[in-house]
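To keep things clear, I will list the structure first and then write my remarks on it.
Please treat every number below as a calculation from the coordinates, not as lab data. Everything numeric in this text was worked out from a predicted model, so none of it was measured. Heads up, the Cβs are rebuilt from the backbone with ideal geometry, glycines too, and the neighbour counts pull from every protein chain shown.
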Amino acid sequence: MNPNTAHNPVFLVFPPEITIPDVQPTDLTAPTFESKSAFPKLLATKMKILGAMQILFGVMNFSFGVIFIFTLENPYPRFPFIFISGYPFWSSVLFINSGAFLVALERKPTGTLVKMSRIMNFLSALGATAGIILIAFGLILDQHYFCGYVQAVSQCQGIATLFIGILIMLMAFSIIELFISLSFSIMRRHFYCYDCDCC
């Protein structure tokens, strides 16, 4: 910068002071609006979350059933009992349908959808109960399924641990599914709908 050049002054323009009137607010209430949902907000959120969990359990059961398809290898002469019963496949249909009905019910509640959701959750509870019994029977029946046909102990332990882990996961999914579906099939107060023509 050249020292001989003149500096132009800079003027800052500030806005005038803002004054607040001394008026005291009399009422600080906010307007209330009616919810468009037929269910209370907390129940609608629970229905969406638990419906998504039911769908997830159905997909996981189906995935474990697909894994059991690949267990028919030499020297194993048959499929595991839980696969023969078909539980991973028919339970996944029940769980996914009951979860889908809960999510649909949360979005658009109608009297027919409430009845269908109750029926599907009741069938899902029956399926989960049957699954718990079948898995317990399968654990007893197939406890030596892999180790009875393999001579190498190290290979036997790894495969048996994986097999029992899958059965335990199926048992856990069935127990949780039983509690979720029972809560929406037996308790009528969950389905007290404000706008739809429920029974």
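Remarks
- Spacing of the two label points (7 Å from each Cα toward its C-beta) at residue 122 and residue 179, in nm: 2.4 nm
- Computed lengthening from residue 84 to residue 136, 0.36 nm per intervening residue step minus Cα-Cα distance: 17.3 nm
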